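Working notes for the structure below.
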Amino acid sequence: MNLILLGPPGAGKGTQATRIVEKYKVPHISTGDIFRENIKNNTPLGQKAQEYMNKGELVPDQLVVDIALDRLGKDDCKNGFLLDGFPRTVFQADALDKFLKDKGKGIDLVINIEVEDKMLIERLDARRVCPTCAATYNVIGMPPKKEGICDKCNDTLIQRKDDKKETVGNRIKVYHEQTSPLIDYYKEKGLIKDFDGMIGADALFDEIVKAI
């Protein structure tokens, strides 16, 4: 089962991705996580990615394609995967299609989560993450049991630079400009299904499971 998860920053993709991979036992391929790991380790790739992410801009297509396809070539992806954050442009989607076609495979379903821009800004500004285990919280809707502390590993939660209000607006604008054509791309192929990201995490997951 080869799945793609689409949605603007703050739409709740991370929460749904966790549930999907637990239920269907496929690896979660998040380009954001891959880049952040490289940034944390201060690799050349991480340094390049950091420059773009700090401005709320998307990492250049070819850089994303190279790292994503390398990850999809690993053995754990042979029986399926959930892509989160890739592809984000038609260029990336074409590269992915060619890669899968060469292996006699294809995408089965594109899950597109929709949320209003105003709510996205509120969600992202309230988001906190654990630098150790990557657990995600929302200080308004899904706070940790102890303020500022991760429930899982007791590390101090942080707000990512690209989640701050001054950056969030640009991230959402960039998403609409560069990723909206991708939605049309998959609609033409009959692979995409839209989901209302405002109905709550549990209800949303139920709807996704039905579609799968």
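The values are calculated or read from the model by the stated rules, or taken from the named source; none is laboratory data. Treat the numbers as computed from the prediction; the structure is a model and nothing was measured. Note: ideal-geometry Cβ built from the backbone for every residue, glycine included; neighbour counts use all protein chains shown. Side chains are part of the model used for accessible areas, which takes the heavy atoms of the whole protein and leaves out ligands, DNA and RNA. Shrake-Rupley method; radii C 1.70, N 1.55, O 1.52, S 1.80 Å.
Against the test of being under 17 Å from Arg128 (Cα atoms) and either among the small types (Gly, Ala, Ser) or in contact with a strand residue (DSSP E or B) (Cβ under 8 Å, 6 or more places away or on another chain) (or both), the options Gly46, Gly14 yield a single qualifying residue, Gly14. Of all residues in the stretch 70-84, at least one satisfies being under 20 Å from Asn38 (Cβ atoms) and in a loop (DSSP other than H, G, I, E, B).
Residues in the stretch 1-34 that are in a helix (DSSP H, G or I), buried (at least 17 other Cβ atoms within 10 Å of the Cβ), under 10 Å from the mean Cα position of the chain (by Cα) and of a type outside the set (S, T, N, Q): Lys13, Gly14, Ala17, Gly32.
When the residues of the stretch 189-204 are filtered to those that are over 17 Å from the mean Cα position of the chain (by Cα) and assigned to a helix (DSSP H, G or I), the one that is surrounded by the most Cβ atoms within 10 Å (Cβ to Cβ) is Ala203. Scanning the stretch 40-54 for residues that are assigned to a helix (DSSP H, G or I) and open to solvent by 60 Å² or more (accessible area, probe 1.4 Å) yields a count of 7. Once the stretch 154-170 is narrowed to residues that are open to solvent by 40 Å² or more (accessible area, probe 1.4 Å) and in a helix (DSSP H, G or I), the residue that is modelled with the lowest pLDDT is Glu166.
Residues of the stretch 90-132 that are open to solvent by less than 50 Å² (accessible area, probe 1.4 Å), part of a loop (DSSP other than H, G, I, E, B) and under 23 Å from Ile20 (Cα atoms): Gly106, Ile107, Val115, Cys130. Just so you know, in the stretch 4-19 the residues that are in contact with a His (Cβ under 8 Å, 6 or more places away or on another chain) and in contact (Cβ under 8 Å) with a residue 60 or more places away in the chain include one that is farthest from Arg171 (Cα to Cα), and it is Ala17. Within the stretch 32-57, the residues that satisfy the criterion of being in contact (Cβ under 8 Å) with a residue 24 or more places away in the chain, of a type outside the set (D, E, K, R) and within 15 Å of Asp162 (Cα to Cα) are Gly32, Phe35, Met53, Asn54, Gly56.
From the list Tyr186, Tyr137, pick out the single residue that is touching a strand residue (DSSP E or B) at 6+ places or on another chain (Cβ under 7 Å), open to solvent by less than 30 Å² (accessible area, probe 1.4 Å) and in a helix (DSSP H, G or I). On inspection, the qualifying residue turns out to be Tyr186. For the stretch 142-153, check the following and say yes or no: at least one residue is surrounded by 15 or more Cβ atoms within 10 Å (Cβ to Cβ), touching a residue at least 12 places away in the same chain (Cβ under 8 Å) and charged (D, E, K, R). No, the stretch 142-153 contains no residue that is surrounded by 15 or more Cβ atoms within 10 Å (Cβ to Cβ), touching a residue at least 12 places away in the same chain (Cβ under 8 Å) and charged (D, E, K, R). Among the residues that make up the stretch 58-79, is at least one of them among the charged types (D, E, K, R), open to solvent by 10 Å² or more (accessible area, probe 1.4 Å) and modelled with pLDDT of 95 or more? Within the stretch 58-79 (the criterion being among the charged types (D, E, K, R), open to solvent by 10 Å² or more (accessible area, probe 1.4 Å) and modelled with pLDDT of 95 or more), the answer is no, since none of the residues qualifies.
Just one of the listed residues (Glu57, Glu37) is among the acidic types (Asp, Glu), assigned to a loop (DSSP other than H, G, I, E, B) and either under 17 Å from the mean Cα position of the chain (by Cα) or more than 26 Å from Gly197 (Cβ to Cβ) (or both), and it is Glu57. Residues in the stretch 140-149 that are in contact with a strand residue (DSSP E or B) (Cβ under 8 Å, 6 or more places away or on another chain) and not in a strand (DSSP E or B) were compared, and the one that is nearest to Ala201 (Cα to Cα) is Pro143.
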